Amino acid sequence: LAPRRPGEPWAVEAMISLRNGTVDGLALKALQTITGVEGTVRLTEHALDIEALSGTILGSRWTVNGTLAPLAHPSIELFLQSRAALESLSGLVPAMKEAWRVVGLADIRVVVRGPLQPTPRFDYLIHADIRDATLSNPKLKAPITGVSGRVEYDAIERRLVISHLESRLLDQPMAVNGTVRLAAPVDVTLAIDGTLPIEVLTGWLPPEGPIQDIGGLAVLDVDLHGPLNAIS
């Protein structure tokens, strides 16, 4: 701490080392408790700079660096990254977890920025490289395997961008590209290419319907455009 001229703030510089910390609270309820927090931060009279900080969130190790500007105009700008387990992260989207089980890893990078006052309002960009994941659904006769590709979500635009998301279903290839705008109504621009083994859809047949079993291969070249309530 170094005094300046009378009436002016003191100059402050501190290095803080954290070991085996935990973070929890109502705002982090969906993330449960962050454990094993360790790293270093530098504090001045102007900002809190996170030089290297890591912690375990939902079973995966995350690292973060960035700046918390705590004085006249409090705001944050953070960069987070992890090689995360998708099965744990799917719990953040209850509708997804109820319908699908996803197993695999993704290299995830997140940029978060925004003001803390008068009301916290954050913009964020999520970039995920999915690596050999598996999707399964109780009604799907076989799991979707080898799911690999790139997915980005821009919170400002509320837009999900899918870049050549490849997978295999009963050893038949499938690829999806395009964008989904998560507004009201949801708007899509998607291209689906590949070969669909029709038998895997048997679980969606009405139990009392006239058709009890289906089979064969369908070669798909499908373009979907427009809002989901009036798609073409």
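The values are calculated or read from the model by the stated rules, or taken from the named source; none is laboratory data. This is a predicted model, so every value here is computed, not measured. Note: ideal-geometry Cβ built from the backbone for every residue, glycine included; neighbour counts use all protein chains shown. Quick note on the areas: whole protein, heavy atoms, side chains included, nothing else; ligands and nucleic acids left out. Shrake-Rupley method; radii C 1.70, N 1.55, O 1.52, S 1.80 Å.
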Phi to ³J(HN,Hα) by Karplus 6.51 cos²θ - 1.76 cosθ + 1.60 over the stretch 36-47, Hz, x for Gly, Pro
x, 6, 8, x, 10, 9, 10, 10, 10, 5, 9, 6
Within the set 207, 115, 74, GNM on the chain using Cα springs under 10 Å gives the largest fluctuation to 207
Positive-end residue of 136, 167, 155, charge dipole of the stretch 110-205 with Cβ unit charges
155
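Tally up the carbon and sulfur contribution to the accessible surface of the chain as a whole percent, 1.4 Å probe, everything protein left in place.
Here it works out to 59 percent.
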Enumerate by residue number the chymotrypsin sites (Phe, Trp or Tyr not before Pro) in the stretch 1-85 meeting two conditions: DSSP loop (anything except H, G, I, E, B), and at most 13 other Cβ atoms within 10 Å of the site's Cβ.
10
R0 of 22 Å, Cβ-Cβ distance residue 121-residue 35: FRET efficiency to nearest 0.05
0.20
Nearest-0.05 FRET efficiency for residue 142 and residue 17, computed from C-beta distance (R0 35 Å):
0.10
Any chance you could run the full-extension gain for residue 154 through residue 177? It's 0.36 nm times the residue separation minus the Cα-Cα distance, nm to one decimal.
6.7 nm
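About the Cα centre of the chain, how large is the charge dipole given +1 on each Lys and Arg Cβ and -1 on each Asp and Glu Cβ? Please answer in debye to the nearest 20.
About 600 debye.
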Output for the stretch 1-94: trypsin sites (Lys or Arg not before Pro) sitting in coil per DSSP, at most 16 other Cβ within 10 Å, listed by number, reads 4
Relative contact order as a percentage, the stretch 82-232, C-alpha pairs under 8 Å and 6+ apart, gives 14 percent
Assuming R0 = 41 Å, what is the FRET efficiency of residue 79 and residue 189, from their Cβ-Cβ distance, to the nearest 0.05?
0.90
